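Worksheet for the structure shown next.
The values are calculated or read from the model by the stated rules, or taken from the named source; none is laboratory data. The structure presented is a predicted model; accordingly, all values stated were derived computationally and were not measured. Ideal geometry is used to build each Cβ from the backbone, glycine not excepted, and the neighbour counts take in all protein chains shown.
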Amino acid sequence: MTQLAKTAADEFKAQFRGVVLFPGDTGYAERRQIWNAMIDRRPALIARCTSPEDVVQAVEFARKHNLLVSIRGGGHNIAGNAICDNGLMIDLSLMRRCQVDPKGRRATVEPGCTLADFDLAAQGHGLATPLGINSTTGVAGLTLGGGFGWLSRKYGMTIDNLLSADVVTADGRQVHASETENDDLFWGLRGGGGNFGIVTRFEFQLHPVGPGVLSGLIVFPFDQAKSVITQFARFTETMPDALNVWLITRKAPPLPFLAEDVHGQGIVALAVCYAGDPTEGAKLIQPLRGFGTAHGEHIGVQPYTAWQQAFDPLLTPGARNYWKSHNFARLSDGAIDAIIEYATTLPSPQCEIFVGSIGGQTARVAPEATAYSSRDANYVMNVHGRWESAAEDDRCIAWAREFFAKSQPFASSGAYINFLTEDETERIAFAYGTTYNRLVALKKKYDPTNFFRMNQNIKPA
């Protein structure tokens, strides 16, 4: 920063009601670290907001001084857009209030909340809304990109349960968006990412869930992959909405219900969650056990909050991550064969391929009803490259890209915007499909100068 800019920044810090951090300040190094260790950037300053008014002040300062801006909620997004080089990072992680109205089945959530924060507050009343599967994920980024998880087949995408939002726009205004107020902005927020403003409050619909849900894992040897994955593909085409089954193929972690000699070996696992009467769920999942001869299983009724955290140990911050993702309307034989081929050459013990089942209620919403348009996606596959050292980058990234190319002929339209990495800007228009042109026009209306561009960016018309 020039001396003039540094002087202005010092004045901003003196007037700001939140916390401002400069390089070298205590806490700066920690706040610039995000989930994906491949992203290493250094903002000129970090504004840790405590209120919508703080957000307005930060936006106005950045606009006045023509600073690049990034927005940090949970800091979990694979592309690393939460942090910028030499600009202003607006950090929302101190804004973590979550208020639940159990009678109205509503929750108001601030943008610094994680899934764990939201789940804990809602489950105190036996309620939940569809979120992701890693409890350290930020609610804000997950929601703005669409959001899906264990409850989505029954209750829809996260955005299908968003009732309203308070937003700070690029010109520093505070506006409310809902179906009846600034409805065009509300449409764009439901899947359009951080392109249109900074959401300072989300309002969600809640549903009765748990507190105990039938959930867990069945783990099969990898040499049974063809049988297991083929039967998984056909079973999930007709399962009821309350049941969700996902597929993961990877090296076996040291799960306590697996024999020690299985640890580190190739496996195919089915992850199960039933959002209904556990007795009925137990009957519905019985056929899964016949897909092969399992190494072992751990399925039972456990707190919904515990199941939401079950995969956290495999997704801790600090590793290097690179993803590639496809949508599938149906898992064809070609797609299954590609999964098996590349699962035999996992380049690190932490790499995995997972296939999340959605469909159900997510598919009953018209493609043009929200910015997220991939309503024909019954499966979302994530090629999850994960490793520890920079020396492994080339090998692991090449594996992910090769598998992505091999499986592409069997994929359907669109892509899940939250799974796009920083080098996939050419896929943004494809990801949005039929809604992209409308999003471009909306960007021109609400952010004509592309002030919010540290995202999967939609450029103004």
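Here I248 does not qualify as under 21 Å from the mean Cα position of the chain (by Cα), closer than 21 Å to I458 by Cα and at pLDDT 95 or above.
Identify, please: which residue in the range 413-428 is part of a helix (DSSP H, G or I) and aliphatic (A, V, I, L, M) and is, among those, surrounded by the most Cβ atoms within 10 Å (Cβ to Cβ)? So the residue we want is I417. Within the range 11-29, residues that are surrounded by 15 or more Cβ atoms within 10 Å (Cβ to Cβ) reach partners that are of a type in the set (V, I, T) with beta carbons closer than 6 Å, at six or more positions or on different chains, in the pairs K13/V20; G18/T50; L21/I46. When each of D171, D166 is tested for being touching a residue at least 60 places away in the same chain (Cβ under 8 Å), in contact with a Ser or Thr (Cβ under 6 Å, 6 or more places away or on another chain) and over 30 Å from Y379 (Cα atoms), the lone residue that passes is D166. In the range 236-247, the condition of being over 20 Å from T362 (Cβ atoms) and not in a helix (DSSP H, G or I) is met by no residue. Only residues that are assigned to a loop (DSSP other than H, G, I, E, B) and of a type in the set (G, A, S): list them for the range 304-317, please. The one that is assigned to a loop (DSSP other than H, G, I, E, B) and of a type in the set (G, A, S): A310. Mind checking whether some residue in the range 302-316 is touching a Phe, Trp or Tyr at 6+ places or on another chain (Cβ under 6 Å), surrounded by 21 or more Cβ atoms within 10 Å (Cβ to Cβ) and outside the structural domain of S152 (by TED's automatic domain parsing)? Among the residues of the range 302-316, not one is touching a Phe, Trp or Tyr at 6+ places or on another chain (Cβ under 6 Å), surrounded by 21 or more Cβ atoms within 10 Å (Cβ to Cβ) and outside the structural domain of S152 (by TED's automatic domain parsing), which makes the answer no. Does at least one position in the range 113-122 carry a residue that is over 30 Å from A29 (Cβ atoms) and under 21 Å from the mean Cα position of the chain (by Cα)? Yes, the range 113-122 has at least one match. Residues in the range 248-282 that are under 16 Å from W150 (Cα atoms) and in a helix (DSSP H, G or I): P278, G281.
Residue by residue, here is whether (1) within 23 Å of T434 (Cβ to Cβ); (2) of a type in the set (G, A, S); (3) modelled with pLDDT of 95 or more; (4) in a loop (DSSP other than H, G, I, E, B) holds:
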{"site": "L331", "(1), (2), (3), (4)": "no, no, yes, yes"}
{"site": "I336", "(1), (2), (3), (4)": "no, no, yes, no"}
{"site": "I340", "(1), (2), (3), (4)": "no, no, yes, no"}
{"site": "T345", "(1), (2), (3), (4)": "no, no, yes, yes"}
{"site": "S348", "(1), (2), (3), (4)": "no, yes, yes, yes"}
{"site": "F354", "(1), (2), (3), (4)": "no, no, yes, no"}
{"site": "A363", "(1), (2), (3), (4)": "yes, yes, yes, no"}
{"site": "A371", "(1), (2), (3), (4)": "yes, yes, yes, yes"}
{"site": "S374", "(1), (2), (3), (4)": "yes, yes, yes, yes"}
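In this structure, is L189 crowded, with 24+ Cβ neighbours inside 10 Å and touching a Pro at 6+ places or on another chain (Cβ under 6 Å)? Judged against the criteria, L189 is not a match. Is it the case that G385 is in a strand (DSSP E or B) and touching a helix residue (DSSP H, G or I) at 6+ places or on another chain (Cβ under 8 Å)? The answer is yes for G385. In the range 429-450, the qualifying residues are those that are among the hydrophobic types (A, V, I, L, M, F, W, C) and crowded, with 20+ Cβ neighbours inside 10 Å, and the one that is farthest from V383 (Cα to Cα) is L442.
Tell me yes or no: at least one residue of the range 283-303 is out of contact with any Leu (no Cβ under 9 Å at 6 or more places or on another chain), closer than 27 Å to V209 by Cα, aliphatic (A, V, I, L, M) and in a helix (DSSP H, G or I). No, the range 283-303 has no match at all. Strands (runs of 3 or more DSSP E) fully within the range 48-157 that include at least 1 residues being at pLDDT 95 or above and surrounded by fewer than 24 Cβ atoms within 10 Å (Cβ to Cβ): 69-72, 98-101, 106-109. Across the range 69-123, the number of residues qualifying as out of contact with any Leu (no Cβ under 8 Å at 6 or more places or on another chain) and more than 24 Å from T305 (Cβ to Cβ) comes to 6.
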